[in-house]
Amino acid sequence: MYKLNIPNKQHFLTEYWQKKPLVIRKAFSDFVDPLDEHELAGLAQEEEVDSRIISKKQGKWSNSPGPFSDFTPYCIGDWSLLVQSVDHYIPEAKMLLDSFDFIPNWRVDDLMVSYSEANGGVGPHVDQYDVFIIQGRGSRRWQVGANKHHDSIQPAKNLKQITGFDPIIDEVLEPGDLIYIPPGFPHNGVAITSCLNYSVGFRAPTQRELLDGFVDYAQAKNLFNLRYSDPDLTLRDSRFEIKPSEIEKLKNMFNQMINSVHFDDFIATYFTDTKDVDMYEADLTENYSLNEIVNLLDSGVSFERKLDTKIIQQKVRLNNKYQMVTWINQHRINVESEHESMLFKMLNSSVLDKQTKINYADGLIFNQILAKLVNAGGWFPDI
């Protein structure tokens, strides 16, 4: 449904990705909004949906988190409604997000959608991650500054802005236009008319975030219980001294953890977590037997991919050869190397059914892989 018009994607990655901002006119020809402001407001009323309204009236900013049962007290002055992870709830929004498939899937976070009345915006600010912003209905003026230090302010609770910047880009975007903003570049978008915008955000964890996640993973799996030892201990001049060789030993203990296969597994689970899965405590019990999958297929049931499904593939060394391992929502999926191409095709299919099975040469393997996809929580029977 959505086709991203970037003729040379490798040129974009080489020249612009994480280097400099770019405006692409008509990145989407004949752009059609995947939802309207009423559907967006409906999502903002749901408890599990992350939403907020940012407004400015008479120079005073406010930042109000959802969910909202009544919008009247918050939609005052120049205001914007922002809703995260819309791709998890609206199939057309997921299709829009999927058009950025030239960026590795593990780096993609979500599609945030905003609706603004004229003059609405969130103020000048800096993000520490890449973002593509697609202009939907209406128009918005975007200003982007250079990547350098800017003083931070907080005009309202949990609303970070900067004091101002000199723009190196100053453009008005129309429907289908796209602006790319790398990390660290200050920017400010102000609605010219009431408008919809779609922001593709990317995951860029800090070292501390990875460390925190790794510690949680290790505790949940009861890993890394090797204790420090020093059978070669010798006398020293001061009992308070810790020798460089001992510090090196402690560093090596960390290196052993990072270089272990457990860290590879942690990375896969870290980047395939979803809000419906308890991190590191995913239920690995199969819910559907192979016979049940076959019977459902034969009865005409189709299996649909969940909108929030997270998928990562890794090449790992198994039995003295490299093999592709797939992780779906923190579940590890193994197939024989000769069946990897079938798995890859199935991973790229939003719907799997009896007709899809007929199109493959090996129906038995199709059934087996589908059972794994379903029991990993990635696909579900549309009963």
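The values are calculated or read from the model by the stated rules, or taken from the named source; none is laboratory data. Keep in mind that this is a model prediction, so the values were computed, not measured. Cβ: placed from backbone, ideal geometry, glycine included. Neighbour counts: every protein chain shown. When the accessible area is computed, the model is the full protein with side chains, heavy atoms only, and any ligands, DNA or RNA have been set aside. Shrake-Rupley method; radii C 1.70, N 1.55, O 1.52, S 1.80 Å.
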Grab the DSSP H runs of the chain that are 4 residues or longer, score each as -39,500 (n - 2.57), total them, divide by all residues and round the 222 nm result to the nearest 500 deg cm²/dmol.
-7500 deg cm²/dmol
State the Cα centre-to-centre distance between the stretch 119-187 and the stretch 14-84 in whole Å.
13 Å
Can you tell me how much longer the chain between Asn222 and Glu336 gets when fully stretched, taken as 0.36 nm per residue apart minus their C-alpha distance, in nm with one decimal?
38.1 nm
Whole-percent carbon and sulfur contribution to the accessible surface of the chain (1.4 Å, no ligands, DNA or RNA) stands at 49 percent
Do the alpha carbons of any pairs in Lys57/Lys157; Lys19/Lys148; Lys249/Lys321 sit beyond 21 Å of each other, and which pairs?
Lys249/Lys321
Can I get the semi-axes of the stretch 96-155's equivalent ellipsoid? Compute them from the C-alpha gyration tensor as square roots of 5 times the eigenvalues, in angstrom, largest first.
23, 19, 11
Loop-resident trypsin sites (Lys or Arg not before Pro) in the stretch 200-273 with no more than 16 other Cβ atoms inside 10 Å, DSSP not H/G/I/E/B, are Arg203, Arg227, Arg236, Arg239
Rounded to the nearest whole Å², what accessible area per residue is found for the chain with the 1.4 Å probe?
55 Å²
Could you sort the peptides 299-306, 105-112 by per-residue average Cβ neighbour count (10 Å cutoff), highest mean leading?
105-112, 299-306
Please identify the GluC sites (Glu not before Pro) of the stretch 1-87 that satisfy two criteria: DSSP loop assignment and at most 16 other Cβ atoms within 10 Å. Which are they?
Glu46, Glu47, Glu48
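Between the DSSP loop rule and a limit of at most 14 other Cβ atoms within 10 Å, which trypsin sites (Lys or Arg not before Pro) in the stretch 16-74 are left?
Lys19, Arg25, Lys26
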Could you work out the mean projected area of the convex hull around the alpha carbons of the stretch 74-195, in square nanometres to one decimal?
8.1 nm²
Across the stretch 1-100, what fraction of all alpha-carbon pairs, as a whole percent, falls in each successive 5 Å bin from zero upward?
2, 11, 17, 15, 14, 15, 14, 8, 3, 0
Here are a few candidate values for P(r) over Cα pairs in 20 Å bins from 0, in percent: (1) 23, 49, 25, 3, 0; (2) 29, 53, 17, 1; (3) 26, 57, 16, 1. Which one was actually calculated from the structure I just gave you?
(1)
